[in-house]
1. Within segment 117-320, what whole-number % of the accessible surface is contributed by carbon and sulfur, with the 1.4 Å probe and all protein chains included in the calculation?
2. Working with all protein chains in place, sort Glu142, Glu287 by solvent-accessible area computed with a 1.4 Å probe, largest first.
3. For segment 117-320, what value does the Rg/Rh ratio take when both radii are computed over Cα atoms and Rh is the Kirkwood radius, given to two decimals?
4. What number, in percent, do you get for the relative contact order of segment 233-322 if the mean sequence gap of Cα pairs under 8 Å and at least 6 apart is divided by its residue count?
5. Counting residues in segment 157-245 as N, plug N into 2.2 N^0.38 Å and put the Cα Rg over that result.
6. What order, most packed first, do the peptides 152-159, 125-132 have when packing is the mean number of other Cβ atoms within 10 Å of each residue?
Amino acid sequence: MASATLRRRLHHGDVDGRKYERYDATDSETLSEPLLGSSSTDNSRDEYNEERTLEDIWEEERKRQQVHWTLIFSQLIAQWAQWIAKIVFGSGSLFGRFLLPTFGQIGTGGRLLPPPLSMLQEERLRNIKRRIEIPFDGSRMEHQDALRQLWRLAYPQRELPPLKSELWKEMGWQGTDPSTDFRGGGYISLENLIFFAKTYPESFQRLLHKQDGTRAEWEYPFAVAGINISFMLAQMLDLQSGKPSTIAGIRFLGFLEEDEMAFDNLYCIAFQMMDAQWLAKRASYMEFNDVLKSTRAQLERELALDDVSSIRDLPAFNLLYK
């Protein structure tokens, strides 16, 4: 089923009655074009007339409530941790002086200085930086093969289409040529999608086919959303700088000691978290940037939790196996 397929919406309103800010980032923090909005609504919408039983509706509502309370519980824990962190890092208290080494010392301009890195961490950080700098190039055979691999992982029972085909829209590309959608995401965003499909295939398929919850009338395009999540993570983790100097980025450096694929694993969590936020907020196509902003804030809060020492410690990691 295409990612932009219309679905009948049963409920309306935010998860907690609050309004969320719109994500208005600067040009340096976003892609060169808006993620969503360049496609015509007339070309991307289809009528959804499928009959639904009462049992189907109740089952969808049960799943939505499960996602809703998982997300709320995770947010409460993370917000509590953020409140503690403000006291610790902002007050200059004795507790702060003892706990600051967890994330590093304070440098000029209030930026955190990362703790010394092992040779292994340094090597893995350099590798991620190299990956981020590689643009997607549709003329390179390696990149073409990666697109074909993604299709086979997404639709193992279907015939592989040409690299320019209307069928690519079913995966959530905005046009017939996926190479035109990468923009600022780079080749790493395609690698992230492939990693997601291979490592967490059930979660990948749920998100690809929009199987969880009561969906919006106008859904986000799966593949293009994935590209934006890769870009968001690179910004959030401060990976374009010499060394990350944010709490999230420094915590990520710690993950690299144990997990060479920490960026890719964090990407999968962020994608699943984004979809959970999407359902909880009952968001629609034009609200994607709001949802992405909320996802980033939630992930930053979870990365600041004191008892998080690996990817698997993040509360949202469990969403991959629900």
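1. Carbon-and-sulfur percentage of accessible area, whole number: 48.
2. Listed by decreasing accessible area, they come as Glu142, Glu287.
3. Details: Rg = 16.6 Å, Rh = 17.4 Å.
We get a ratio of 0.95 for segment 117-320.
4. The normalised contact order for segment 233-322 reaches 33 percent.
5. Compared with the compact-globule rule of thumb, segment 157-245 sits at 1.20.
6. Highest to lowest by the protection proxy: 125-132, 152-159.
The values are calculated or read from the model by the stated rules, or taken from the named source; none is laboratory data. These figures come from a predicted structure and were not determined experimentally. Ideal geometry is used to build each Cβ from the backbone, glycine not excepted, and the neighbour counts take in all protein chains shown. Accessible surface is based on the protein model in full, side chains and every heavy atom, while ligands, DNA and RNA are left aside. Shrake-Rupley method; radii C 1.70, N 1.55, O 1.52, S 1.80 Å.
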